[in-house]
Amino acid sequence: GGIITQTPKFLIGQEGQKLTLKCQQNFNHDTMYWYRQDSGKGLRLIYYSITENDLQKGDLSEGYDASREKKSSFSLTVTSAQKNEMAVFLCASSMDRGNTGQLYFGEGSKLTVL
Amino acid sequence: SQLAEENLWALSVHEGESVTVNCSYKTSITALQWYRQKSGEGPAQLILIRSNEREKRNGRLRATLDTSSQSSSLSITATRCEDTAVYFCAVYDSGYNKLTFGKGTVLLVSP
């Protein structure tokens, strides 16, 4: 088995700050994802990457940057945190693009902006 | 509008009862997936049912798929308190190359 590790688990920032979330997977999966989860809105895809150094925008990419420098890691940067923002960011990986395969998720990183 | 959507925001049952969560979707699919997310955890896949399958089982879980009505159901028999979670259906949007999740149904199983 493998595991997805997200750091940090909790992140508190201030308005306008640039904040970075990190994700590591040891499944040796090709595809990695960042989702944002807000209460009552389900999961919304921010960015995904099908291989090292690849980046694909999702539905919610504005206000975010992502980086896939190694196959095993995928980071997400909130370029300018919004006041009173609160959300959980979920990292996932899959062997393929998720069309018939399973996504494996980390436990999430909870962001609070004061 | 949502590509995949569960029909109820929340359900509450007592331990031992059976419960069904329903999902409708709006695209041609090769497969539909059901995920469960417990508090403080990421979602975990429960069942993947392919478009040529009508039913799939996994222990106390049973998923059905009706491609003509573009709907799916997930049934849990003999529920336990640890089944308390949010249940999501997810479909692959081939036009955008991404897996799209519904907003989820909150299931509360009480003793």
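The values are calculated or read from the model by the stated rules, or taken from the named source; none is laboratory data. The structure presented is a predicted model; accordingly, all values stated were derived computationally and were not measured. Every residue, glycine as well, gets a Cβ built from its backbone with ideal geometry; the counts of neighbours run over all protein chains shown. Heavy atoms of the whole protein, side chains included, go into the accessibility calculation; ligands, DNA and RNA do not. Shrake-Rupley method; radii C 1.70, N 1.55, O 1.52, S 1.80 Å.
Can you pull out the residues in segment B:12-35 that are in a strand (DSSP E or B) and touching a Pro at 6+ places or on another chain (Cβ under 7 Å)? First the steps, then the outcome.
Taking segment B:12-35 first, the residues in a strand (DSSP E or B) are B:12-14, B:19-25, B:31-35.
Residue satisfying the conditions is B:TYR35 alone.
Please go through segment A:88-114 and give me each residue that is open to solvent by less than 50 Å² (accessible area, probe 1.4 Å), over 16 Å from B:TYR35 (Cβ atoms), within 14 Å of chain B (Cβ to nearest Cβ) and among the hydrophobic types (A, V, I, L, M, F, W, C), ordered by number.
If the condition is that a residue be open to solvent by less than 50 Å² (accessible area, probe 1.4 Å), over 16 Å from B:TYR35 (Cβ atoms), within 14 Å of chain B (Cβ to nearest Cβ) and among the hydrophobic types (A, V, I, L, M, F, W, C), then A:PHE89 is the only one that fits.
If B:ILE47 meets every condition in (1) open to solvent by 40 Å² or more (accessible area, probe 1.4 Å); (2) within 12 Å of another protein chain (Cβ to nearest Cβ); (3) more than 23 Å from A:LEU60 (Cα to Cα) apart from one, which number is that one?
So the condition that B:ILE47 fails would be (1).
Return yes when B:THR84 is over 27 Å from A:ASP38 (Cα atoms) and modelled with pLDDT of 95 or more and no when it is not. Spell out the reasoning first.
Working: over 27 Å from A:ASP38 (Cα atoms): no; modelled with pLDDT of 95 or more: yes.
Considered against the rule, which asks whether it is over 27 Å from A:ASP38 (Cα atoms) and modelled with pLDDT of 95 or more, B:THR84 comes out as no.
Can you report the number of residues in segment A:55-72 which are assigned to a loop (DSSP other than H, G, I, E, B) and facing chain B (nearest Cβ under 9 Å)? Don't jump to the end; show me each part of the working.
Step one: list which residues in segment A:55-72 are assigned to a loop (DSSP other than H, G, I, E, B), which gives A:55, A:58-63, A:71-72.
Subset that is facing chain B (nearest Cβ under 9 Å): A:58-59.
Counting residues in segment A:55-72 that are assigned to a loop (DSSP other than H, G, I, E, B) and facing chain B (nearest Cβ under 9 Å) gives 2.
Return the only residue of A:TYR48, A:TYR35 being open to solvent by less than 40 Å² (accessible area, probe 1.4 Å), in a strand (DSSP E or B) and modelled with pLDDT under 95. Break it down into steps so the answer makes sense when it comes.
Numbers: A:TYR35 fails: modelled with pLDDT under 95.
Answer to the check: A:TYR48.
Suppose we keep only residues that are open to solvent by 90 Å² or more (accessible area, probe 1.4 Å) and of a type in the set (Val, Ile, Thr) within segment A:1-32. Which one would you say is farthest from B:VAL86 (Cα to Cα)?
A:ILE12
Among the numbered criteria (1) over 22 Å from A:GLY2 (Cβ atoms); (2) surrounded by fewer than 16 Cβ atoms within 10 Å (Cβ to Cβ); (3) at pLDDT below 95, which single criterion is violated by A:GLY58?
It is condition (2) that A:GLY58 fails.
Looking only at segment B:25-37, filter to residues that are at pLDDT below 95 and open to solvent by 40 Å² or more (accessible area, probe 1.4 Å); which one of those is nearest to the other protein chains (Cβ to nearest Cβ)?
B:THR30
Name, by its number, the condition in (1) away from chain A (no Cβ under 13 Å); (2) on the phi > 0 side of the Ramachandran plot; (3) without any contact (Cβ under 8 Å) to a residue 24 or more places away in the chain that does not hold for B:GLY40.
(1) is the only condition that B:GLY40 fails.
With A:TYR47, A:TYR33, A:TYR64 as the choices, which residue is in contact (Cβ under 8 Å) with a residue 24 or more places away in the chain, within 19 Å of B:ARG36 (Cβ to Cβ) and not polar (S, T, N, Q)? Talk me through it step by step, then tell me what you get.
Values: A:TYR47 fails: within 19 Å of B:ARG36 (Cβ to Cβ); A:TYR64 fails: within 19 Å of B:ARG36 (Cβ to Cβ).
Exactly one residue qualifies, and that residue is A:TYR33.
For segment B:53-111, name all the residues that are open to solvent by 50 Å² or more (accessible area, probe 1.4 Å), of a type in the set (Ser, Thr, Tyr) and within 12 Å of chain A (Cβ to nearest Cβ).
Correct list: B:SER94, B:TYR96.
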